[in-house]
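Okay, so here's the structure we're looking at.
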Amino acid sequence: MTSVLILRYNFTTIIISKISFIMKILNIEGLTLFEIKQLILQGGKFVSFSYTASAFPKKFNRTSNTYFVRPGESSFKYSMRFLILNLRAGWWGLPLKPLYTIKALFYHIIGGKDVTLTVLAELYNNNPVYSPNIHYLKWELTW
């Protein structure tokens, strides 16, 4: 298990590991870890979408940011732009890009690649605990 740094900036959670892998988690603004666990028990999940693009001479096979899909919500609205990117620019990198594109389209059809266990493991290991400094509190007893 690599050590991970979790940053909270501008209503977005960013997980940065030692191997310079950056995973941005979207759609969890204002939720605590307890609320995220409750939503997952009700059917929520973390998903990511792979996409393939070819622009001569470069070929890209990447994974999108991670999205939190709430219970009863469809992941299609998150995957639509990556689906369009795959259909328009994913086929042209021969010889293997058509295979990568078909694999990416499969994950789009089933609702994205489920990365819930991975994200929860990182959040459990790096959950910031609120511990206020009580020395700054003023205690006054007036009778």
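The values are calculated or read from the model by the stated rules, or taken from the named source; none is laboratory data. Predicted model only: the values in this text are computed from it and were never measured. Using ideal geometry, Cβ is built from the backbone for each residue, glycine included, and neighbour counts are taken over all protein chains shown. Note: areas computed on protein heavy atoms with side chains; ligands, DNA, RNA excluded. Shrake-Rupley method; radii C 1.70, N 1.55, O 1.52, S 1.80 Å.
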Within region 94-143, residues modelled with pLDDT under 85 and among the hydroxyl-bearing types (Ser, Thr, Tyr) come out as 100, 101, 124, 130, 131, 136, 142
Scanning for something at pLDDT 80 or above, open to solvent by less than 70 Å² (accessible area, probe 1.4 Å), assigned to a helix (DSSP H, G or I) and not small (Gly, Ala, Ser), does region 40-50 turn up at least one residue?
-> yes
Count - residues of region 70-128 that are within 13 Å of residue 46 (Cα to Cα) and basic (Lys, Arg) | 2
May I ask you to verify whether residue 111 is touching a residue at least 60 places away in the same chain (Cβ under 8 Å), closer than 24 Å to residue 25 by Cα and either open to solvent by 80 Å² or more (accessible area, probe 1.4 Å) or not in a helix (DSSP H, G or I) (or both)?
-> yes
Is there a residue in region 74-89 that is charged (D, E, K, R) and at pLDDT below 80?
-> no
Taking into account only those residues within region 77-104 that are of a type in the set (Phe, Trp, Tyr) and under 17 Å from residue 25 (Cα atoms), which is most open to solvent (accessible area, probe 1.4 Å)?
-> 78
Hey, any hits in region 3-25 for a residue that's open to solvent by 40 Å² or more (accessible area, probe 1.4 Å) and either at pLDDT 85 or above or in contact with a helix residue (DSSP H, G or I) (Cβ under 8 Å, 6 or more places away or on another chain) (or both)?
-> no
Give region 51-70 a look and list any residue that's in contact with a strand residue (DSSP E or B) (Cβ under 9 Å, 6 or more places away or on another chain), farther than 26 Å from residue 36 by Cβ and surrounded by fewer than 18 Cβ atoms within 10 Å (Cβ to Cβ), or say none.
-> 59, 60, 61
